[in-house]
1. Looking only at the range 64-105, count how many residues are surrounded by fewer than 12 Cβ atoms within 10 Å (Cβ to Cβ) and either in contact with a Phe, Trp or Tyr (Cβ under 9 Å, 6 or more places away or on another chain) or of a type in the set (Lys, Arg) (or both).
2. Considering only residues that are assigned to a loop (DSSP other than H, G, I, E, B) and surrounded by fewer than 18 Cβ atoms within 10 Å (Cβ to Cβ), which ones fall in the range 135-154?
3. Would you confirm whether or not the range 135-150 contains a residue that is under 13 Å from the mean Cα position of the chain (by Cα) and within 21 Å of residue 47 (Cβ to Cβ)?
4. Would you call residue 108 modelled with pLDDT of 95 or more, exposed (fewer than 13 other Cβ atoms within 10 Å of the Cβ) and in contact with a Leu (Cβ under 9 Å, 6 or more places away or on another chain)?
5. For the range 1-48: of the residues being hydrophobic (A, V, I, L, M, F, W, C) and part of a loop (DSSP other than H, G, I, E, B), which is modelled with the highest pLDDT?
6. Condition first: among the acidic types (Asp, Glu) and crowded, with 23+ Cβ neighbours inside 10 Å. Now tell me which residues in the range 165-217 satisfy that.
7. What number of residues in the range 111-128 are buried (at least 19 other Cβ atoms within 10 Å of the Cβ) and in a strand (DSSP E or B)?
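The values are calculated or read from the model by the stated rules, or taken from the named source; none is laboratory data. Predicted model only: the values in this text are computed from it and were never measured. Cβ sites come from the backbone with ideal geometry, for glycine too, and all protein chains shown count toward neighbours.
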Amino acid sequence: MAPVRFGIPLYEYQALDVMGPLDVIAGYEENNLIPKGLHENGLELEFYHISDTTHKSKPTNLELENLDVVATVTTAECPPIDYLLFGGPLPSYKLSEEMNTFIQDRVAKGEIKTIFTTCTGAAVLAQTGLLDGKRATVHMGIIDLARQMYPAVNWVQKTDKGNWVIDGNIWTANGACTGMDMFAHWLIQQCGLELAKYQFWTLNYAPRGIDGQLLSL
């Protein structure tokens, strides 16, 4: 089976927005304690942290945690990818023209199965125009600002109870931890409940549903 490739544009996002969801889906791969019969349901995952061509060797500082992250590939080097994940930076963050073009080109080629955003990552994706006309959520602290900045997006109302929104092949979560729950839902879909339950157990993690209530697994 071909590996499943995630591309993560690298900028000053909150670390948990990206690391949390990736940990939810990644931990089972190399664990020899997985019960027999579950390996065949797993995915071979590859993660590509993508920078502009001029910034590959320059660490990006995730200022909130004072954590330096170095890209694994540039936009020019990145192989075909299946999924994109956008973490959440400050609302003032502006996507570079190079990264914007890279994202739009990869989507136009039809290689991207699903785009995920967590927290304010939806405001980053909105800069590409790919959220225009789509229903989406973002951190509720900036929902009014997002509505002003990107009026072509069908942003949820503050009264909406769902912690994430699925519109076609775009999944948007309203926070870092709800992004983990969203990825837990995706993992169950992709690999089945039994393998997903094992993965949640390895993390001592209890995922919630879209309504914020603990799932009964």
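1. Qualifying residue count for the region: 3.
2. To start, the set of residues in the range 135-154 that are assigned to a loop (DSSP other than H, G, I, E, B) comprises 137-139, 150-153.
Within the range 135-154, 151, 152 qualify.
3. no
4. Working: modelled with pLDDT of 95 or more: yes; exposed (fewer than 13 other Cβ atoms within 10 Å of the Cβ): yes; in contact with a Leu (Cβ under 9 Å, 6 or more places away or on another chain): no.
When the stated conditions are applied, residue 108 does not pass them.
5. Filtering the range 1-48 for residues hydrophobic (A, V, I, L, M, F, W, C) gives 1-2, 4, 6, 8, 10, 15-16, 18-19, 22, 24-26, 33-34, 38, 43, 45, 47.
From what's left, part of a loop (DSSP other than H, G, I, E, B): 1-2, 10, 33-34, 38, 43.
Values: 1: 69, 2: 85, 10: 97, 33: 59, 34: 65, 38: 70, 43: 85.
Once the filter is applied, the top-ranked residue is 10.
6. Of all residues in the range 165-217, those among the acidic types (Asp, Glu) come to 167, 181, 194, 211.
Within the range 165-217, just 181 meets the criteria.
7. Going through the range 111-128, the residues buried (at least 19 other Cβ atoms within 10 Å of the Cβ) turn out to be 112, 115-126.
From what's left, in a strand (DSSP E or B): 115-118.
Count: 4.
Residue-by-condition table, conditions (1) assigned to a loop (DSSP other than H, G, I, E, B); (2) of a type outside the set (A, V, I, L, M); (3) out of contact with any Lys or Arg (no Cβ under 6 Å at 6 or more places or on another chain); (4) modelled with pLDDT of 95 or more:
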{"site": "130", "(1), (2), (3), (4)": "yes, no, yes, yes"}
{"site": "133", "(1), (2), (3), (4)": "yes, yes, yes, yes"}
{"site": "171", "(1), (2), (3), (4)": "no, yes, yes, yes"}
{"site": "177", "(1), (2), (3), (4)": "no, yes, yes, yes"}
{"site": "185", "(1), (2), (3), (4)": "no, yes, yes, yes"}
{"site": "197", "(1), (2), (3), (4)": "no, yes, yes, no"}
